[in-house]
Amino acid sequence: MEHLERCAWFLRGTLVRAAVRRYLPWALVTSMVAGSLLKELSPLPESFLSNKRNVLNVYFVKLAWAWTFCLLLPFIALTNYHLTGKAGVVLRRLSTLLVGTAIWYVCTALFSNIEHYTGSCYQSPALEGVREEHRSKQQCHREGGFWHGFDISGHSFLLTFCALMIVEEMAVLHEVKTDRSHCLHTAITTLVVALGFLTFIWVWMFLCTAVYFHDLSQKVFGTLFGLLGWYGTYGFWYLKSFSPGLPPQSSSLNLKQDSYKK
């Protein structure tokens, strides 16, 4: 338990700062551009991380929204109820996860449709010999072809959105004070550690995506959609009264508005 406490203390001091919420979006954009330029100008040699079948990609990134949803659900419920004691407030705040699910679903469906309508089926990865008879990606792959269209980076979108959402929700920790002997303290501490490590995984895999996968334009659009999903909610809609609202904290609305004006 002592190691868990130390880890939670470090993560609180790292991810809960207002500066992290303010500058993380810029850091992601900068690293995406820098990694993409490195990929184009001086590609790194293949490694464990460049393999799409690596453990982090298969069991974490492919399920990024599921991991984020399942860990934020108890975290939001416990911290918000501890601070407000109101089930209505907790349910309202949990609706952020429904909003996030809608954003995830709509964007991934949009990306899939864009790739479909801009793509064609080819006989080889070198884009030789168009197979006109195959009109869909699924049919093309079933027949041994290679589909090529404008494939907006779903990883760039989802990892951006998930990392920023976790950091936003962890801001509530400024207000949470619990008795170390209480089971609630253990539960929240465990969730803080889990969410903290998940955030680091999302950021790390975002960097790997920038360095190893997709074209620059595909990553730009993916990251842009992630930023729009985050800012459209936490930076705009959640500041309004008719919304799920921001995590409860002292003068949260004023602090939030000030942070986005800077």
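Of all residues in the range 34-88, those being assigned to a helix (DSSP H, G or I), over 22 Å from ALA163 (Cβ atoms) and not small (Gly, Ala, Ser) number 6. Just give me the residues in the range 149-188 being free of Cβ contacts under 8 Å to residues at least 40 places away in the same chain, outside any helix (DSSP H, G or I) and closer than 20 Å to THR14 by Cα, in sequence order. Listed by number, the list holds a single entry, LYS177. The residues listed here are ARG131, ARG180, ARG92; of these, the one that is modelled with pLDDT under 90 and open to solvent by 60 Å² or more (accessible area, probe 1.4 Å) is ARG180. In the set (1) open to solvent by 50 Å² or more (accessible area, probe 1.4 Å); (2) more than 21 Å from ALA171 (Cα to Cα); (3) touching a residue at least 12 places away in the same chain (Cβ under 8 Å), the condition left unmet by PRO45 is number (3). Figure legend. Inter-residue proximity from the range 108-124: first residues crowded, with 16+ Cβ neighbours inside 10 Å, second residues charged (D, E, K, R), beta-carbon distance below 6 Å, spacing 6+ or different chains. Indicated pairs: GLU115/ASP151; CYS121/ARG131. Return the total of residues in the range 142-166 being more than 17 Å from ARG131 (Cα to Cα) and either buried (at least 22 other Cβ atoms within 10 Å of the Cβ) or of a type in the set (D, E, K, R) (or both). Number of matching residues: 15. Against the list (1) in contact (Cβ under 8 Å) with a residue 60 or more places away in the chain; (2) closer than 23 Å to PHE206 by Cβ; (3) part of a helix (DSSP H, G or I), the condition GLY13 fails is (1). In the range 49-70, the condition of being of a type outside the set (Gly, Ala, Ser), without any contact (Cβ under 8 Å) to a residue 40 or more places away in the chain, closer than 29 Å to THR178 by Cα and surrounded by fewer than 19 Cβ atoms within 10 Å (Cβ to Cβ) is met by at least one residue.
The values are calculated or read from the model by the stated rules, or taken from the named source; none is laboratory data. Quick caveat: nothing in here was measured; it's all calculated off a predicted structure. Neighbour counts run over all protein chains shown; Cβ positions are idealised from the backbone, glycine included. Heavy atoms of the whole protein, side chains included, go into the accessibility calculation; ligands, DNA and RNA do not. Shrake-Rupley method; radii C 1.70, N 1.55, O 1.52, S 1.80 Å.
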